[in-house]
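Read through the structure below, which is laid out as structure tokens, and then see the notes.
Quick note: the coordinates plus some simple rules give every number you see, no bench work behind them. Just so it is clear, the model here is predicted, and its values are computed rather than measured. Here the Cβ positions follow ideal geometry from the backbone for every residue, glycine too, while neighbour counts run over all protein chains shown.
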Amino acid sequence: MKKLICLLLLIPFLTACGDDAVDTTKYTAQAIHEHDRCHICGMMITKYPGPKGQVHLKGQTVVPKFCSTRDMFNFALQSENKRQITALFVHDVGATSWEKPSDDAFIDAKTAWYVYGTTKKAVMGSAVATFKTEAAAKQFAKQYGGRVLTYDQIDISLLAGE
């Protein structure tokens, strides 16, 4: 009987160590500092206009930051990186300046709305503009062109199409 009780007491500990354990950490966007460089291209992030991005990775304290949402997606959509990502953030350019996006305007990239194929330029050409609301994205697309997309609609083939 003692063995059975001990076994029952150990079950919660054994299941907590599995790969299926849920990460309950609350992630927040980090400030982008004047000398921070893009994780993909090495450019100074704050020197250029347009929305920026950042990702939080499992088990890492360093947060890769990107000079553009395009670079963030090029990193995040790589299969070896996808499974390591715990959170992604982008600027809501409906709530901040295009020229110098504020760190106060970071939003969850997975719930953001995107405008792809716009005439509005960012650091490396055409931007992937990011917005908190669909209405703001549609208004931007009406003014600057492009298609309104959700996070799940952005993939490598779309980004390579330019």
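Structural remarks
- The packing ranking of peptides 72-82, 103-113, 123-133, highest mean first, is 123-133, 103-113, 72-82, where packing means the average number of other beta carbon atoms within 10 angstrom of each residue.
- By the Stokes-Einstein formula, at 0.692 mPa s and 37 °C, region 31-162 with its Kirkwood radius over alpha-carbon pairs has D equal to 227 µm²/s.
- Local electrostatic count, Phe131, Cβ distance below 11 Å [Lys/Arg +1, Asp/Glu -1]: 0
- Long-range tail of P(r) for region 86-162 (Cα pairs > 21 Å, %): 19
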